[in-house]
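The values are calculated or read from the model by the stated rules, or taken from the named source; none is laboratory data. Note that the structure is predicted; figures quoted are calculated from it, not measured. Heads up, the Cβs are rebuilt from the backbone with ideal geometry, glycines too, and the neighbour counts pull from every protein chain shown. With ligands, DNA and RNA removed, areas are computed over all heavy atoms of the protein, side chains included. Shrake-Rupley method; radii C 1.70, N 1.55, O 1.52, S 1.80 Å.
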Amino acid sequence: MAGNLESMFAKVREKRQRSGAAGGIAAFVGMSAIAAVLVASSVTPAIAVAGLTANSTLGIFDNLPEYLEIGDLAQKSTIYATGPDGQPVVLATFYAQNREDVTLANVSPFLKNAAIASEDPRFFDHGGVDLYGTIRAILSNALSGSSQGGSSITQQYVKNVLVQKAEDIADPVERKAAYNEATQVSVDRKLKEMKLSVGVEQKYTKNQILEGYLNITPFGGRVYGVQAAARYYFGKSAKDVTLAEAATLIAIINNPSAYRPDIEENEQDNKDRRNYILARMLENGKITQKEHDTAVKTPLKLTLTEASTGCQTAPDGAAYFCDYITWVIKNDKAFGETEDERWNAFQRGGWKIYSSLNLPLQQTASQAINSNIPTVVDWGNIAGAAVTVQANTGRILAMAQSKDYTNDPDLAASGGNFTSINYSTDKDYGGSSGFQAASTYKAFTLAQWLKSGRGLSEMVDPRPRPLPMNKFTDKCQGVGGADWNPKNDSGTFEGPVSVITATEASINLAYISMALKLDLCDIKQTAEAFGVHRADGNVLGEAPSDVLGTQEISPLTMATAYAGMANQGRVCTPIAIDKVLDQNGVEIPVPKTTCTQAVTPDVANAMVVALKAPIASGTATASNPRDGVPIMGKTGSNDDYNQTWVIASTTSVTTAVWVGNTVGFSSLTGRSLTTGAASTARHRIMRPIMTLANALFGGTDWAGPPANLLGGRNAVVPDVSGLTLEDGIKLLESVDLAVDGSCGTIDGREISGRIESTVPAAGTTQPTGTVVNICLSNGLQVAGPPSVIGQTEAAGRSSLLSGGWNVRVVYADPPTCSDDGGGGPTPTPTPTPTACPNPNIGKVIRQSPNGGFARPGATVTLTVQG
């Protein structure tokens with residue numbers, strides 16, 4: 001041995017002298033130090049290392065660590081849903097390295113023996129560093145200038161652990177630097193590797209080292225460890241591989257990129273390496289000649305079995321829910337300080353993520369969506385989404401949409417059926433900017449109406465009319481702009497309607513009338529109290545038009561808000577993860593729901609009374625399962641039915657369904673989808689979802705609200721005569737009466753252009769919201785004619801004519817003796833009626849007009865007793 005080594009050293013000296021004195025001497029001294037120590041280590045490499053540390057004038061080991069902490073290997077993380085039997089069901093797995101740890105007892109002896117025979121035949125004899133193999137590699141590399149293997153299994157294990165530690169670093173720059181340090185070809189790295197290998201041998205048994213080595217070793221691509229390799233290349237467990245298969249797998253270790261047999265041009269190289277390994281196994285007495293010969297003749301037959309990874313593999317249309325979980329992990333600091341740290345931990349940590357998804361409900365939601373909306377609609381960019389949450393916990397139970405999921409940009413661009421955008425969520429949690437919430441947003445005006453102490457039976461004005469912006473109040477930012485002319489989507493409403501009717505029929509102008517009596521900023525802040533926010537992250541608007549739902553909101557946000565209404569006004573933020581365990585079974589803290597009181601329970605219960613009306617007998621009836629479980633709901637559709645919604649809730653579960661344009665403005669009116677009219681597809685989706693939800697979770701009725709929130713208020717019509725039109729309108733509206741000037745101009749005593757009277761009249765009691773007609777004066781009336789009743793015809797005529805009035809006289813028939821002269825009942829007539837004396841004969845008994853007000857010179861009619 002010593003003679004062979006000295007000969008090799010001589011060749012190295014000769015080569016280094018030719019290539020340059022300074023570089024040659026430095027490299028040679030470094031290699032000579034290693035070689036000298038190893039040659040001297042006739043007992044064990046451990047003693048050699050100790051001797052070098054104490055005696056070497058180079059001091060090259062002085063600062064090298066002696067101990068290597070072998071942490072957990074990168075493992076696949078798995079997301080689970082809850083199946084129909086309550087047990088976890090795999091949704092998807094994620095990994096940076098496809099690995100399944102396996103014990104040595106579950107590894108085929110062929111694999112163990114092949115690894116030892118080819119990579120480290122003296123594995124059980126050395127103390128971590130193979131003396132002969134290392135010196136041979138060092139000197140050969142010095143002679144050839146190439147990199148030749150000589151590392152023991154323990155050294156390879158140490159290198160792979162260092163690489164693993166580098167890849168576990170979240171920061172990309174630090175990760176690259178650590179990786180380069182762990183893989184560089186240098187004497188320094190080799191020395192560190194050797195010293196750490198000796199330390200590993202002192203702490204772990206040979207079998208533990210071999211087991212760790214077989215689990216950490218790369219096998220090409222993202223396949224790591226013999227168990228994942230056996231499954232990927234041959235579709236079986238590591239304990240079941242044949243001799244030929246074992247040698248094929250171990251052949252990959254020497255150079256995974258060059259020897260992985262799933263690449264066609266590598267097949268022959270892998271086969272050659274396999275046969276070399278079989279020869280070494282035969283040489284080391286691990287297999288018989290017959291076994292060797294049979295294995296060599298065995299053709300390569302792969303059964304490639306891709307490990308499922310990523311959300312695209314999630315069953316039952318749950319890919320978008322799975323994608324939402326990945327965004328929660330990326331965004332939430334519960335899983336780490338930075339996004340890189342969080343994502344790295346998720347992909348490598350072997351987490352078991354138990355989600356809130358209810359698989360039976362998810363299956364129903366997905367089927368309802370897909371049976372009603374095709375992935376591609378030829379007349380527009382139409383899609384649909386449905387999301388269901390548990391009302392009192394915020395747990396997301398289902399999330400489905402009408403597109404095929406992909407996170408591959410090229411695939412997403414290949415056809416309209418693919419998208420990575422999750423239409424149920426916000427931009428930061430799936431890429432969507434949301435959709436106009438339309439009339440589902442009216443619930444927040446309803447909430448503020450009730451918060452202000454008003455009732456559901458109060459009357460509001462539903463009539464279309466121009467609305468000056470200065471009619472609205474906004475304490476936060478004011479209101480300005482041109483007059484607004486909103487319209488009702490359907491129906492003609494002339495008189496006032498109750499708030500319940502306005503909700504049942506979703507009457508736009510009635511809700512705008514409610515907003516006119518409120519503060520727009522208060523309405524927005526009430527919406528925010530229910531967790532409402534724009535999906536794109538911008539500030540929530542508060543313009544008058546926002547009362548009708550022009551803000552872009554995600555279905556998940558709207559479902560959460562309505563769940564709060566159903567939950568006594570208590571809103572719970574949505575959560576998708578119930579529990580996370582790391583690869584050692586230790587629980588990792590997860591984001592928890594936060595529940596806050598948006599409105600009082602009394603206000604929430606009054607909202608429910610109003611919101612029961614649309615689904616019982618109004619615009620949402622087609623969504624009602626009618627299964628006996630109390631339910632509330634609200635529809636929404638924006639201009640031209642570009643976006644349509646329905647939201648329904650019991651005390652247990654809330655579902656929001658959206659169907660509309662992802663981009664563009666194609667109207668759903670008059671269009672058809674798979675199972676019927678596009679404008680009503682939302683109901684055909686909602687009904688089966690809520691039917692199953694009610695069967696699974698049930699629901700009870702809500703408590704009734706106090707009488708003041710159910711009832712209405714009355715107002716006494718104030719006397720506005722003599723006021724200007726503007727002041728009169730202000731006074732009438734201040735007592736919650738509506739105004740219409742349909743009386744026009746009439747004869748009046750008030751100054752021309754001022755208010756003469758109202759209909760209903762001043763002093764009468766009317767429900768709030770009653771429309772009051774204002775009659776303006778033409779100023780032509782004066783104090784009416786004086787009364788001349790009781791005067792003689794001549795005296796009365798003379799008095800009136802002298803006052804400038806015209807006179808007209810009519811005569812009443814003379815009374816009979818049985819006539820009381822006063823218009824009383826007539827007794828049975830006598831055979832011979834006779835005239836009776838009457839003191840009123842010839843006198844005025846009636847006059848019109850009599851006092852009051854009239855135009856000057858008007859005709860006064862006098863009735864004289866004959």
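For the stretch 556-608, which residues satisfy the criterion of being in a strand (DSSP E or B) and over 27 Å from residue 73 (Cβ atoms)? Selection gives 570, 571, 572, 575, 595, 596, 597.
In the stretch 592-607, is there at least one residue being crowded, with 23+ Cβ neighbours inside 10 Å and within 23 Å of residue 682 (Cβ to Cβ)? Within the stretch 592-607, one or more residues are crowded, with 23+ Cβ neighbours inside 10 Å and within 23 Å of residue 682 (Cβ to Cβ).
Checking the structure you have, find out if any residue of the stretch 294-305 is open to solvent by 60 Å² or more (accessible area, probe 1.4 Å), at pLDDT below 95 and closer than 25 Å to residue 350 by Cα. Yes - at least one qualifying residue is present in the stretch 294-305. Scanning the stretch 135-174 for residues being at pLDDT 85 or above, open to solvent by 70 Å² or more (accessible area, probe 1.4 Å) and more than 27 Å from residue 208 (Cα to Cα) gives a total of 2.
Residues satisfying the criterion are absent from the stretch 347-361 (criterion: surrounded by fewer than 18 Cβ atoms within 10 Å (Cβ to Cβ) and among the aliphatic types (A, V, I, L, M)). In the set (1) farther than 23 Å from residue 91 by Cα; (2) part of a helix (DSSP H, G or I); (3) not basic (Lys, Arg), the condition left unmet by residue 261 is number (2). Residues that are surrounded by 24 or more Cβ atoms within 10 Å (Cβ to Cβ) and aromatic (Phe, Trp, Tyr) within the stretch 634-653 comprise just one, 645.
Considering only residues that are part of a loop (DSSP other than H, G, I, E, B) and without any contact (Cβ under 8 Å) to a residue 40 or more places away in the chain, which ones fall in the stretch 679-726? Those that are part of a loop (DSSP other than H, G, I, E, B) and without any contact (Cβ under 8 Å) to a residue 40 or more places away in the chain: 722, 723, 724. Only one of the numbered conditions (1) farther than 28 Å from residue 512 by Cβ; (2) surrounded by 19 or more Cβ atoms within 10 Å (Cβ to Cβ) is not met by residue 770, and that is (1). Taking the criterion of being over 17 Å from residue 370 (Cα atoms) and of a type in the set (Ser, Thr, Tyr), the residues of the stretch 654-690 that qualify are 654, 666, 667, 669. Specify the residue that is farthest from residue 347 (Cα to Cα); the eligible residues are those in the stretch 185-208 that are open to solvent by 70 Å² or more (accessible area, probe 1.4 Å) and at pLDDT 90 or above. Among residues in the stretch 185-208 that are open to solvent by 70 Å² or more (accessible area, probe 1.4 Å) and at pLDDT 90 or above, the one farthest from residue 347 (Cα to Cα) is 202. So which residues in the stretch 347-368 are modelled with pLDDT under 95 and either in a helix (DSSP H, G or I) or closer than 15 Å to residue 325 by Cα (or both), if there are any at all? 347, 348 - these are the residues of the stretch 347-368 that are modelled with pLDDT under 95 and either in a helix (DSSP H, G or I) or closer than 15 Å to residue 325 by Cα (or both). Within the stretch 92-103, residues that are among the aliphatic types (A, V, I, L, M) reach partners that are modelled with pLDDT of 90 or more and in a loop (DSSP other than H, G, I, E, B) with beta carbons closer than 6 Å, at six or more positions or on different chains, in the pairs 92/314. For the stretch 547-578, a residue qualifies if it is over 13 Å from the mean Cα position of the chain (by Cα) and over 18 Å from residue 646 (Cα atoms), and the qualifying residues are 567, 568, 569, 570, 571, 572, 577, 578.
Of all the numbered requirements in (1) of a type in the set (Phe, Trp, Tyr); (2) open to solvent by 10 Å² or more (accessible area, probe 1.4 Å); (3) modelled with pLDDT of 95 or more, residue 320 misses one, and that requirement is (2). When residue 732 is tested against (1) surrounded by 16 or more Cβ atoms within 10 Å (Cβ to Cβ); (2) closer than 30 Å to residue 615 by Cβ, exactly one condition is not met: (2). For the stretch 654-710, a residue qualifies if it is over 24 Å from the mean Cα position of the chain (by Cα), within 22 Å of residue 424 (Cα to Cα) and among the β-branched types (Val, Ile, Thr), and exactly one does: 674.
Consider the stretch 654-675 and keep the residues that are open to solvent by 20 Å² or more (accessible area, probe 1.4 Å) and of a type in the set (Ser, Thr, Tyr). The one that is modelled with the lowest pLDDT is 674.
For the stretch 499-520, the tally of residues that are under 30 Å from the mean Cα position of the chain (by Cα) and of a type in the set (Gly, Ala, Ser) stands at 4.
Restricting the stretch 739-762 to residues that are touching an Asp or Glu at 6+ places or on another chain (Cβ under 7 Å) and open to solvent by 40 Å² or more (accessible area, probe 1.4 Å) leaves a set whose member that is modelled with the lowest pLDDT is 746. Here the helices (runs of 4 or more DSSP H) wholly within the stretch 424-539 that include at least 2 residues being without any contact (Cβ under 8 Å) to a residue 40 or more places away in the chain and surrounded by fewer than 21 Cβ atoms within 10 Å (Cβ to Cβ) are 520-529. Pairs meeting the criteria (first residue in the stretch 107-119 and in a helix (DSSP H, G or I), second residue surrounded by fewer than 22 Cβ atoms within 10 Å (Cβ to Cβ) and among the aromatic types (Phe, Trp, Tyr), beta carbons under 8 Å, at least 6 apart or on different chains) are 116/123; 116/124; 118/276. The residues on offer are 635, 600, 594, and the sole one that is at pLDDT 95 or above, farther than 17 Å from residue 566 by Cβ, under 26 Å from the mean Cα position of the chain (by Cα) and not small (Gly, Ala, Ser) is 594.
As a summary of the residue check, residue 330 satisfies the conditions (1) under 23 Å from the mean Cα position of the chain (by Cα); (2) open to solvent by 50 Å² or more (accessible area, probe 1.4 Å) except for the one numbered (2). Set side by side, the residues 439, 457, 433, 452 differ, and just one is touching an Asp or Glu at 6+ places or on another chain (Cβ under 6 Å) and at pLDDT 90 or above, which is 433.
Residues in the stretch 370-419 that are among the β-branched types (Val, Ile, Thr), within 26 Å of residue 574 (Cβ to Cβ) and open to solvent by 60 Å² or more (accessible area, probe 1.4 Å): there are none. Flag: residue 546 does not match the condition of being of a type in the set (Asp, Glu), under 19 Å from residue 602 (Cα atoms) and not in a loop (DSSP other than H, G, I, E, B). Residues in the stretch 264-303 that are basic (Lys, Arg) and either free of Cβ contacts under 8 Å to residues at least 40 places away in the same chain or not in a helix (DSSP H, G or I) (or both): 271, 273, 274, 286, 290, 297, 301. In the set 216, 277, 287, 252, only one residue is under 40 Å from the mean Cα position of the chain (by Cα), open to solvent by less than 40 Å² (accessible area, probe 1.4 Å) and of a type in the set (A, V, I, L, M); that residue is 216.
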